[in-house]
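A.B. asks: Quick one: the structure is below, questions incoming.
The values are calculated or read from the model by the stated rules, or taken from the named source; none is laboratory data. All of these numbers come straight from a predicted model, not from anything done at the bench. Cβ placement follows ideal geometry from the backbone for every residue including glycine, while neighbour counts extend to all protein chains displayed. Calculation scope for accessible area: heavy atoms of the full protein, side chains included, ligands and nucleic acids excluded. Shrake-Rupley method; radii C 1.70, N 1.55, O 1.52, S 1.80 Å.
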Amino acid sequence: MPDYAWIKRGKERWIKSNSGRKRANLLGGYSPISNTLEILQTTGRCNGDTVIQLLDRIRKAHPRARRIVVIMDNIPYQRARKVKEYAEKTNIELFYLPPYCLLYTSPSPRD
C-alpha cells in the first residue's frame, strides 16, 4: 500500500503494483461539489483516447450538469484536437494550467 495517495481520509484503496517493466497509469478527476472521484487505470500509454475515456466517465457521473469544468495539465495529449472536440460536444469546458504552474508553494524561510 502506498504511503501517500489521494484517497478519502479513513478509507483504504489497494493499488496493484506493477512488476518488471509493466506500465500502470492513473488518470483521475475529483469533484469538490459532489465529493466524488473518477479514476481511469490503464496499463498502456496515456493519449488523447484515454483522456476522452476519463472525460466520458466524468460526464456520465454528472449527466444533469449543464456545465463541467476540468482543469488539466499542459501535456500535449490532453490538448489534442480530438480531446477538445469531445469536450465541446459534451459541454465540458477545459481549462489548461500554464507551463510550470505551481498551485501551491510553501513560504520560503526568508518570508
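A.B. asks: I want to confirm something. Restricting to segment 40-62 and keeping residues that are modelled with pLDDT under 90 and open to solvent by 50 Å² or more (accessible area, probe 1.4 Å), which single residue is nearest to Val83 (Cα to Cα)?
C.D. replies: Restricting to residues being modelled with pLDDT under 90 and open to solvent by 50 Å² or more (accessible area, probe 1.4 Å), the top hit is Arg45.
A.B. asks: A further question on this structure: Pairs under 6 Å by beta carbon, first residue farther than 12 Å from Leu27 by Cα in segment 54-79, partner polar (S, T, N, Q) and modelled with pLDDT of 90 or more, six or more apart or different chains?
C.D. replies: As it stands, the answer is Arg59/Thr90; Tyr77/Asn47, since those pairs meet every condition given.
A.B. asks: Name the residues in segment 20-70 that are assigned to a loop (DSSP other than H, G, I, E, B) and either of a type in the set (S, T, N, Q) or touching a Cys at 6+ places or on another chain (Cβ under 6 Å) (or both), would you?
C.D. replies: Within segment 20-70, Ser34, Asn35, Thr43, Asn47 qualify.
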